[in-house]
1. Which order, highest average first, do 10-22, 80-92 follow once you tally other Cβ atoms within 10 Å for each residue and take the mean per peptide?
2. For the range 3-65, what does the alpha-carbon gyration tensor say about shape, rounded, prolate or oblate, given a ≥ b ≥ c as the root eigenvalues, a/c under 1.5 as rounded, and a/b over b/c as prolate?
3. Using only alpha-carbon positions, what ratio does the radius of gyration of the range 77-124 give when scaled by 2.2 N^0.38 Å?
4. Report the gain in length on full extension from Glu97 to Thr80: 0.36 nm times residue separation, minus Cα-Cα distance, nm rounded to one decimal.
Amino acid sequence: MNGAEVQRRIMMLLDERDWSPTHLAKVSGLPTTTVTDIFKRKSCPKIETLDKLCKGFGITVGDFFAFDITPSPKMTLTPTQTRIMMYAQKFTEQRQERVIDFMSGMMTKKELEQVKKEEARYEKLGLFKKNH
């Protein structure tokens, strides 16, 4: 596993538990900066750090590396969502942003707040950057 794969695995475990990196740091007995730096530096944590993270997640290091490579339940796409992605991949970034704006306009205030919160979390972790 390279640094990006380790990050994705940690992110998947966070999403499965609905945890923040701060909570993971707390239950792992690590400074918050140690956990957030994993995402900022885009590198693999030291084995000692990974061991503490795994203990925080309640899994072994072996479990961490021996997982079934399937998306978490939160990331499973329905057939309709898959079709949307197929169409969106054909668009330029500008057109994709217009689709996002359109979908945002169809959401309730609460739904939009949830999406914005998730976007901010992923952006903070360096997993993507908004174009706006």
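Computed from the coordinates by the stated procedures, all read-outs in this text should not be read as laboratory data. The shown structure was predicted, so the numbers you read here are calculated from the model rather than taken from an experiment. Note: ideal-geometry Cβ built from the backbone for every residue, glycine included; neighbour counts use all protein chains shown.
1. In decreasing order of mean packing, 10-22, 80-92 become 10-22, 80-92.
2. Rounded is the answer for the range 3-65, as its axis ratio a/c remains below 1.5.
3. After normalising by residue count via 2.2 N^0.38 Å, the value is 1.25.
4. Values: separation 17, 0.36 × 17 = 6.12 nm, distance 1.93 nm.
Length gained between Glu97 and Thr80: 4.2 nm.
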